[in-house]
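What follows is a single structure, written as C-alpha cells, with notes after it.
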Amino acid sequence: MTKEEWNSLGFAYTRTPYRFVARWADGKWEEGKLTESAEIVLNESAGVLQYAQTCFEGMKAYTAKDGRIVCFRPDLNAERMADSARALAMPAYPEDKFLDAVKQVIAANREFVPPYGTDAALYLRPAMFATGAVLGVKPATEYEFRIFASPVGAYFKGGVRALSLCVSDFDRAAPHGTGNVKAGLNYAMSMRAGAEAHARGFDENLYLDAATRTYVEETGGANFLFVTRDKKLVTPKSATILPSVTRRSLEYVAEHYLHIPAEERPVPFAEVPSFAECGLCGTAAVISPVGKIDDHGKEIVFSDGNPGQVLMKLRETLVGIQHGEIPAPEGWLFYVD
C-alpha cells in the first residue's frame, strides 16, 4: 500500500490473517496459540451472553523512525486487564503470557503494520470472555482469551478538531462498581447516552459522579485533561475512573519533558469554566481537544472553540515518543523485532 492508501484507512475493523487464542478450563489456562479462524462458537447459555462477563484492552503497534516495530507500554495493558478480570470474577491471564501473545500477533501480522511516516497503526484488541454455560447467576467455569489485530487510520480525518460535549443526565458508573476496570458492560451502558448526544449534535458526553453529580468523571471511553490559565495540567481523580494508560503517560510527559506541573485530583464541575483548555485522552486519538461543553443550555468554551496549544504540544510530544522520534523513558517501547 502507498502512504496515501495507509492514511486513507478509517478507524474500523479489518480482518488480518492471525489472532492468538487461549482457553481456561479445569482451573488452568492452556498454552494458547495463533489461529487463522476469526469466528467464535458459543453455547447459547455462555456466561458472556447471559451476564456480560467480559473485559478488553486496546493498544497500537507502529513502525518507529529506526524501522523497528514497537508497541507502546503493553505491560500496563496486561496489568489492567488482569485487574479487570479479577473484578469480574474471571481468571486473570498471566501478564508475561499476555506480552508474549502481543508479540506473536504483531509478528504474524507484520505486513499490516503501517510504515513510518503515516498516520496509521496496527490496533490490537485483547479480550477475555466467559464461554462456559451458566443459568444461575454465578461465574462461568470456562473462559477464552484472545488478541486480534486490525490496521487503522488516524482517528481524526482531515486533522485534529475540537469536539463539542454535553453534560449527561445518565450515570456512567456507580461508586464501588466497575468504572475503574475495562469491562464491556461499562461501554454498553454508555451507548444510549452516546446515541442521544449524537442526535443532538454533540460528539460525546461528560459524565458526572453518580454519588453527588458534582464532580467530573470521564466520557464514555476517555479520560479528561484540563489546563489551567497558568498552564498546569489537571486530571480528574476518582475510584470510578478508568486508569488510562495514555493519561498516565501524558502526566509523566507533561512534567518530565515539557516541565508542566501535573496534578491528579477531584475536579468539581463548578471549576470547569475556569480552565483554559480541555481535552480527552485515549489510545485511539491520544488527545482529542474539546472546544465547548453544553451544560443544559449553558455553554462553556475553551480556547475560543479551537484545539488548545498546551494540549496539542503534549499530544505532539507523546506521539513523537511512540514513533521513536523523541527518546522514550525506559521500558515504554516494547520492541517486536
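If you check residue 237 against the conditions, is it at pLDDT 95 or above, more than 17 Å from residue 174 (Cα to Cα) and not hydrophobic (A, V, I, L, M, F, W, C)? Before you say what the answer is, go through the steps one by one.
Working: at pLDDT 95 or above: yes; more than 17 Å from residue 174 (Cα to Cα): no; not hydrophobic (A, V, I, L, M, F, W, C): yes.
So residue 237 fails the test.
Output the number of residues of the stretch 97-118 satisfying the condition of being in contact with a helix residue (DSSP H, G or I) (Cβ under 8 Å, 6 or more places away or on another chain) and either aliphatic (A, V, I, L, M) or over 19 Å from residue 249 (Cβ atoms) (or both).
Applying the first criterion (in contact with a helix residue (DSSP H, G or I) (Cβ under 8 Å, 6 or more places away or on another chain)) to the stretch 97-118 yields 98-99, 102, 113-115, 117-118.
Restricting the remaining residues to those that are either aliphatic (A, V, I, L, M) or over 19 Å from residue 249 (Cβ atoms) (or both) gives 99, 102, 113-115, 117-118.
Count: 7.
Residue-by-condition table, conditions (1) within 30 Å of residue 92 (Cβ to Cβ); (2) in contact with a helix residue (DSSP H, G or I) (Cβ under 6 Å, 6 or more places away or on another chain); (3) hydrophobic (A, V, I, L, M, F, W, C):
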| residue | (1), (2), (3) |
| --- | --- |
| 161 | no, no, no |
| 176 | yes, no, no |
| 181 | yes, yes, yes |
| 189 | yes, no, yes |
| 201 | no, no, no |
| 206 | no, no, yes |
| 274 | no, no, no |
>> For the stretch 4-21, check the following and say yes or no: at least one residue is more than 26 Å from residue 154 (Cβ to Cβ), exposed (fewer than 13 other Cβ atoms within 10 Å of the Cβ) and without any contact (Cβ under 8 Å) to a residue 12 or more places away in the chain.
In response: no
> Counting only residues that are small (Gly, Ala, Ser) and open to solvent by 40 Å² or more (accessible area, probe 1.4 Å), how many does the stretch 23-54 have?
Replying inline: 2
> If you take the residues of the stretch 293-314 that are touching a residue at least 60 places away in the same chain (Cβ under 8 Å) and over 20 Å from residue 204 (Cα atoms), which of them is least open to solvent (accessible area, probe 1.4 Å)?
Replying inline: 314
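Of all residues in the stretch 246-275, which are within 27 Å of residue 326 (Cα to Cα), aliphatic (A, V, I, L, M) and open to solvent by 10 Å² or more (accessible area, probe 1.4 Å)? Before you say what the answer is, go through the steps one by one.
Of all residues in the stretch 246-275, those within 27 Å of residue 326 (Cα to Cα) come to 246-264.
After this cut, where a residue has to be aliphatic (A, V, I, L, M) as well, the list is 250, 253-254, 258, 260, 262.
Residues satisfying the conditions are 258, 260, 262.
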>> Quick check on this structure: which one of 64, 92 is in contact with a His (Cβ under 6 Å, 6 or more places away or on another chain) and either surrounded by 14 or more Cβ atoms within 10 Å (Cβ to Cβ) or modelled with pLDDT under 95 (or both)?
In response: 64
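With respect to residue 78, determine if the residue is crowded, with 22+ Cβ neighbours inside 10 Å and free of Cβ contacts under 8 Å to residues at least 40 places away in the same chain.
Details: crowded, with 22+ Cβ neighbours inside 10 Å: yes; free of Cβ contacts under 8 Å to residues at least 40 places away in the same chain: yes.
The answer is yes for residue 78.
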> Looking only at strands (runs of 3 or more DSSP E) that fall completely inside the stretch 1-101, which ones have 1 or more residues that are more than 26 Å from residue 326 (Cβ to Cβ) and touching a Phe, Trp or Tyr at 6+ places or on another chain (Cβ under 6 Å)?
Replying inline: 19-25, 33-35, 54-56
> Given the conditions (1) at pLDDT 95 or above; (2) open to solvent by 10 Å² or more (accessible area, probe 1.4 Å), and given that residue 84 satisfies all but one, which numbered condition is not satisfied?
Replying inline: (2)
> Looking at the stretch 239-252, which of the residues that are hydroxyl-bearing (Ser, Thr, Tyr) and part of a helix (DSSP H, G or I) is farthest from residue 177 (Cα to Cα)?
Replying inline: 252
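Restricting to the stretch 253-274, and then to whatever is part of a helix (DSSP H, G or I) and touching a strand residue (DSSP E or B) at 6+ places or on another chain (Cβ under 8 Å), can you tell me which residue is farthest from residue 171 (Cα to Cα)?
Looking at residues that are part of a helix (DSSP H, G or I) and touching a strand residue (DSSP E or B) at 6+ places or on another chain (Cβ under 8 Å), I get 255.
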>> Looking at (1) free of Cβ contacts under 8 Å to residues at least 24 places away in the same chain; (2) within 26 Å of residue 206 (Cβ to Cβ), which one does residue 163 not meet, given that it meets all the others?
In response: (1)
> Within the stretch 132-161, how many residues turn out to be under 19 Å from the mean Cα position of the chain (by Cα) and at pLDDT 95 or above?
Replying inline: 8
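Of the residues that sit in the stretch 96-131 and are of a type in the set (Val, Ile, Thr) and at pLDDT 95 or above, which one is most open to solvent (accessible area, probe 1.4 Å)? Write out each step before concluding.
Going residue by residue through the stretch 96-131, those that are of a type in the set (Val, Ile, Thr) are 102, 105-106, 113, 118, 131.
Narrowing the set further to residues that are at pLDDT 95 or above leaves 102, 105-106, 113, 131.
Working: 102: 0, 105: 0, 106: 0, 113: 13, 131: 30 Å².
Out of the qualifying residues, it is 131.
The values are calculated or read from the model by the stated rules, or taken from the named source; none is laboratory data. Computed from a prediction, not measured in an experiment: that's the story for all the values here. Using ideal geometry, Cβ is built from the backbone for each residue, glycine included, and neighbour counts are taken over all protein chains shown. Heads up: the accessible areas ignore ligands, DNA and RNA and are worked out on the full protein's heavy atoms, side chains in. Shrake-Rupley method; radii C 1.70, N 1.55, O 1.52, S 1.80 Å.
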